[in-house]
Structures are given as structure tokens and as C-alpha cells.
Amino acid sequence: MSRQYLTFLLDGELYAVSVSQVREVLEYNTITKLPRTEAFMKGLINLRGKGVPVIDLRTKFSMPEKEVTKDTSIIVLEVGGEGLVVGAMADAVQEVVELDEADIEPAPRLGSRLDAEFMAGIGRKDEGFVVILNTDRIFDEEEIAILGAGADPESFPA
């Protein structure tokens with residue numbers, strides 16, 4: 001059985017998320033900053049009249065920050081199993097790929113810059129690999145509560 005994944009770049013490496021969790025892909029746009037939030041929380045975007053929190057995956061994964069370019073995109077995802085919608089900044093969105101389950105290996109426990117708990121696996125694509133993210137594990141319960149506060153800055157912890 002095969003599944004479709006949206007691939008994108010972070011710090012020169014190829015990552016992927018399940019297409020089933022992707023709502024849409026947006027060009028980088030103005031993000032309204034919120035005071036006293038986690039470093040990975042860049043702020044809110046207006047998506048058809050609704051405030052959607054935007055996170056910087058580079059910051060969340062302890063990668064060096066990078067200037068926004070014309071290729072910087074926001075991948076709008078549904079995470080956490082409760083319909084929480086979050087925008088995730090990526091250096092560049094690539095393509096949708098289909099990977100067979102046989103081409104996906106379990107996440108390595110050693111030697112990875114990214115915590116294995118954030119990974120659903122490593123897929124083989126052409127001559128390289130793609131890190132498949134488990135979007136439901138990227139955030140802990142407290143972070144999901146913060147992100148779920150969405151457009152209500154009053155509900156963010158002090």
C-alpha cells in the first residue's frame with residue numbers, strides 16, 4: 001500500500017508530511033507577532049477571517065534561523081487529532097510524492113539531528129531519503145493548548 005506525502009525543505013534536508021493532514025500551502029505572508037510566546041511560535045496569520053497560529057519548524061527542531069525568501073512557504077496542517085489548524089513555515093515546498101510502505105523504515109534512534117519521536121519514519125526517494133514527520137508528536141499537550149488558543153492572545157500563559 002502506498003501513501004502520498006507533501007515534501008518540503010528545512011535546512012537543506014527533505015522532509016514530508018502526510019497529504020491527509022495538509023489543508024493548503026500558502027506563500028509566506030505577514031505574520032502578526034504575539035507577545036510572550038514560545039520562540040517557535042511566530043504569530044498568527046489571517047486565513048479567511050480566522051486566526052491561525054504559525055510555527056517555525058526550524059526553531060522547533062533547534063535548527064539555525066534563516067531569512068525569509070521568495071521560496072518560504074506556510075504549510076497549513078491539521079494536528080493533534082482535535083482538528084487544530086496550524087501553519088508550519090518551511091524553507092521551500094517541493095512536491096507530492098507517493099511512497100510504498102515497503103520504502104519506509106522506522107525512525108533511527110541514533111545519529112539524527114531531529115528527535116526520533118517527531119518522526120514517523122524515513123522514506124527512500126530516488127537516491128536519497130525523506131524524513132517523514134509525525135505531526136501529532138511535534139507538540140506536547142501544553143504546546144497544543146497554547147496553539148489552540150489561536151486568535152485569543154489573552155489565553156496565552158504569562
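Every read-out reported here was derived from the displayed coordinates using simple, explicitly stated rules and does not represent laboratory data. Please read these numbers as outputs of a predicted model, since none were measured by experiment. Glycine also receives a Cβ, built like all others from the backbone with ideal geometry; neighbour counts cover every protein chain displayed.
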Q: Identify all lysines with a Cα-Cα distance to Lys42 below 28 Å; exclude those on the same chain that are fewer than 8 residues away in sequence.
A: Lys33, Lys50, Lys60, Lys66, Lys70
Q | Gained length - Asp103 relative to Asp126, 0.36 nm times residue gap less alpha-carbon distance | A | 7.2 nm
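With r defined as the distance between the Cβ atoms of Lys33 and Glu78 and R0 fixed at 22 Å, what FRET efficiency is calculated, to the nearest 0.05?
My answer for the efficiency is 0.40.
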Q) Using the per-residue mean of other Cβ atoms lying within 10 Å as a proxy for protection, in what order, highest first, do the peptides 40-48, 72-80 fall? A) 72-80, 40-48
Q.
Under 8 Å for C-alpha pairs, at least 6 residues apart: give me the relative contact order for region 51-111, rounded to a whole percent.
A. 34 percent
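Taking the highest mean first, how do the peptides 94-105, 51-62 order by number of other beta carbon atoms within 10 angstrom per residue?
Taking the mean over residues of other Cβ atoms within 10 Å, the ranking is 51-62, 94-105.
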**Q.** Spacing of the two label points (7 Å from each Cα toward its C-beta) at Asp11 and Ala92, in nm
**A.** 1.8 nm
Q | 3J(HN,Hα) from dihedral phi, region 27-40, Karplus parametrisation 6.51/-1.76/1.60, rounded to Hz, x for glycine, proline | A | 5, 4, 9, 4, 10, 7, 6, 10, x, 6, 10, 4, 4, 6
Q: Enumerate the amide H contacts of Gly80 below 5 Å, restricted to partners 5 or more residues apart or on another chain; note that Pro and chain-start residues carry no placed amide H.
A: Asp136
